[in-house]
Amino acid sequence: MRGKIIRGVGGFYYIHPESAAADVLIECKAKGIFRNRNIKPLVGDNVEFEMLDEQAGTGNITEILPRRNALIRPASANVDQAVVVFALSFPKPNLNLLDRFLLMMQTQDIPVIICFNKSDDQEEEETKRIVSQYRDCGARVLVTSTINGTGMEELRELLEGRTTVMAGPSGVGKSSVMNILFPEAQMETGEISRKIKRGRHTTRHTELFCIGSQTYIMDTPGFTSLRLPELEKEELRNYYPEFAEPSQECRFLGCVHINEPDCGVKNALERQEISRDRYDNYKQFYEELRQQKKY
């Protein structure tokens with residue numbers, strides 16, 4: 001039998017079998033062969049398993065199928081995309097935090113959808129100002145509202161048939177977005193919580209919810225800070241797509257767009273073709289990476 005690991009707790013892995021109802025889970029242990037191979041099952045892994053007790057819903061994982069990708073944080077596999085939700089109004093969007101998340105996903109080749117939520121509670125001009133800074137960042141940008149439904153149908157279509165990590169700071173409306181898009185998800189996640197004995201207020205682990213045919217959402221706790229991914233400071237510029245074209249005007253081939261003269265990126269910044277906030281975050285990240293390498 002085949003299925004997908006939804007959650008792993010204390011050496012037990014909860015598997016959603018292919019074509020089963022969303023609340024059907026099989027509690028499995030991983031065979032010792034995986035320890036011998038130094039392979040640890042991850043949430044999102046597609047696996048083969050054997051049933052031990054159908055009535056009790058228990059089994060053993062016998063094979064982990066090839067992974068398309070594997071993330072370190074959140075620890076997961078076979079992720080198709082990430083949706084990061086930030087509020088346009090309250091809490092005020094922390095663009096430094098957003099740029100950190102983008103960088104983390106870009107270094108792992110995970111496509112990102114930026115969801116600027118609570119658009120009903122923000123002036124249109126301010127919304128345009130914030131959104132315009134990310135038009136060339138390499139991510140898809142959506143403006144949404146759970147109050148008037150703006151952007152909800154487009155987001156639903158982008159989620160269907162995919163495994164998506166949904167992340168963002170607390171209070172930005174992630175739960176409201178999910179309940180609007182998939183009203184049945186609230187009931188199903190409750191069923192899953194009872195099945196695996198997770199209380200509402202216990203420590204949260206990486207967890208997938210099945211919310212439709214081949215459609216999974218990875219629930220992640222809200223975050224207030226993110227460390228930069230491991231990379232050389234000179235590599236940082238490669239993760240800013242908006243730098244690519246103006247950097248062709250740089251005098252120096254290895255220009256990192258900080259202190260060099262005749263820098264095409266800084267010229268584009270002066271012409272307001274590049275976001276000042278994005279560039280300031282770039283400089284801060286460059287300095288952080290430089291300091292990290294010192295120690």
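Values quoted throughout were computed directly from the atomic coordinates according to the rules given, and no laboratory measurement underlies them. What you are looking at is a predicted structure, and each value in this text was computed from that prediction instead of being measured. All Cβ positions, even for glycine, are placed from backbone atoms using ideal geometry, and neighbour counts span all protein chains on display.
A few comments on the model shown:
- Sites VAL131 and PHE12, calculated FRET efficiency, Cβ-Cβ separation with R0 41 Å, nearest 0.05: 0.40
- Candidates per trypsin sites (Lys or Arg not before Pro) in the range 29-108, loop by DSSP, up to 16 other Cβ within 10 Å: LYS31, ARG37, ARG67, ARG68
- Averaging 1/r across all pairs of distinct Cα atoms in the chain and inverting the result yields a Kirkwood radius of 21.0 Å.
- For the range 65-71, Karplus couplings with θ = phi - 60° (6.51, -1.76, 1.60), whole Hz, Gly/Pro x: 6, x, 8, 6, 7, 8, 9
- Cα centroid of the range 211-255 to Cα centroid of the range 47-89, whole Å: 24 Å
- Sparse-neighbour loop sites [GluC sites (Glu not before Pro); the range 208-295; at most 15 other C-beta within 10 Å; DSSP]: GLU230, GLU232, GLU273
- Among the cysteines of the chain, CYS28, CYS115, CYS137, CYS210, CYS263 have no other cysteine beta carbon within less than 4.7 Å of their own.
- Between ASP109 and LEU52, the FRET efficiency from the beta-carbon distance, with R0 = 35 Å, is close to 0.40.
- Restricting the range 1-108 to GluC sites (Glu not before Pro) that sit in a DSSP loop and have at most 11 other Cβ atoms within 10 Å of their own Cβ leaves GLU18, GLU54.
- When the C-alpha to C-alpha distance is required to be over 23 Å, the pairs from LYS92/LYS174; LYS233/LYS266; LYS128/LYS174; LYS4/LYS118 that qualify are LYS4/LYS118.
- Long-range Cα-Cα pairs in the range 2-66 (distance over 20 Å), rounded percent: 15 percent
- Counting every other Cβ atom within 10 Å of each residue's Cβ, ARG237, ARG271, ARG278 order from fewest to most as ARG271, ARG237, ARG278.
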